Amino acid sequence: MTSDAYRPSPPAQVGSEAAGDRWTLVLVRELRHPPERVWRALTEPGQLAAWAPYSADRDLSEAGGATLTMIDDEKPQDMEAEVVRAEPPTLLEHTFGTDLLRWELAATGTGTRLTLRHTVQERDWLPKVAAGWHICLDVAEKLLEGRPIPPIRGAAAMNFGWPELNDQYARTFGVPATGLPDHLEDDEDDAS
């Protein structure tokens, strides 16, 4: 299957929490796969590279340092990361640049309720981050179903529903939809 046929799923359940002078996106997705399978998609480097906005230099299922390589089109960027907590298959918490990601997995019959808590610097980043993770998790779900499509990340997401998702999530959060992050706008300008 190619990503050309991809269309975003309906908006996910989202919320936000103040975290001192920062904000935490809370995004909840119901997946049709058991926590052990979802855990592997969150921690194994080969699976991460197939859906996430980054690849990892090691399995993330143990605490300790790691390098996550952010993949925005042709400009990969290495970021030092720290796996703070790893409790297979229910909790993974790690840094992502200056952000903190907390993945909570709860069994729901034959599936998993995945709750992502992504702490960011500014409130106006919440819709951007929600839209990006929305698309990534759609791609992850296809991978878990055995019907993988190529990852959709960086400026390429503009062609796969990111602007509409960003607008929808901005309305949900009650913040202006400010569009692409600066580093991705630069990539789009370079491509023209």
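Values quoted throughout were computed directly from the atomic coordinates according to the rules given, and no laboratory measurement underlies them. Remember, predicted model here, so these are calculated numbers, not experimental data. Positions of Cβ are backbone-derived with ideal geometry, glycine not excepted, and every protein chain shown enters the neighbour counts.
Data table
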{"item": "Lone qualifier among VAL38, VAL84, VAL28 - being outside any strand (DSSP E or B) and of a type in the set (A, V, I, L, M, F, W, C)", "result": "VAL38"}
{"item": "Flag for ASP72 being surrounded by 14 or more Cβ atoms within 10 Å (Cβ to Cβ), among the acidic types (Asp, Glu) and closer than 20 Å to CYS136 by Cβ", "result": "yes"}
{"item": "Members of segment 142-161 that are farther than 18 Å from LYS75 by Cα and either part of a helix (DSSP H, G or I) or of a type outside the set (A, V, I, L, M, F, W, C) (or both)", "result": "LYS142, LEU143, LEU144, GLU145, GLY146, ARG147, PRO148, ASN159, PHE160, GLY161"}
{"item": "Failed item in (1) under 17 Å from PRO150 (Cα atoms); (2) in contact with a strand residue (DSSP E or B) (Cβ under 9 Å, 6 or more places away or on another chain), with GLN47 passing the rest", "result": "(2)"}
{"item": "Residue list for segment 75-113, restricted to those being surrounded by fewer than 16 Cβ atoms within 10 Å (Cβ to Cβ), under 22 Å from ALA155 (Cα atoms) and either in contact (Cβ under 8 Å) with a residue 40 or more places away in the chain or not charged (D, E, K, R) (or both)", "result": "LYS75, PRO76, GLN77, MET79, GLY97, THR98"}
{"item": "Selected residue (criterion: farthest from ALA140 (Cα to Cα)) from residues of segment 41-55 that are part of a helix (DSSP H, G or I) and either in contact (Cβ under 8 Å) with a residue 24 or more places away in the chain or touching a His at 6+ places or on another chain (Cβ under 8 Å) (or both)", "result": "THR43"}
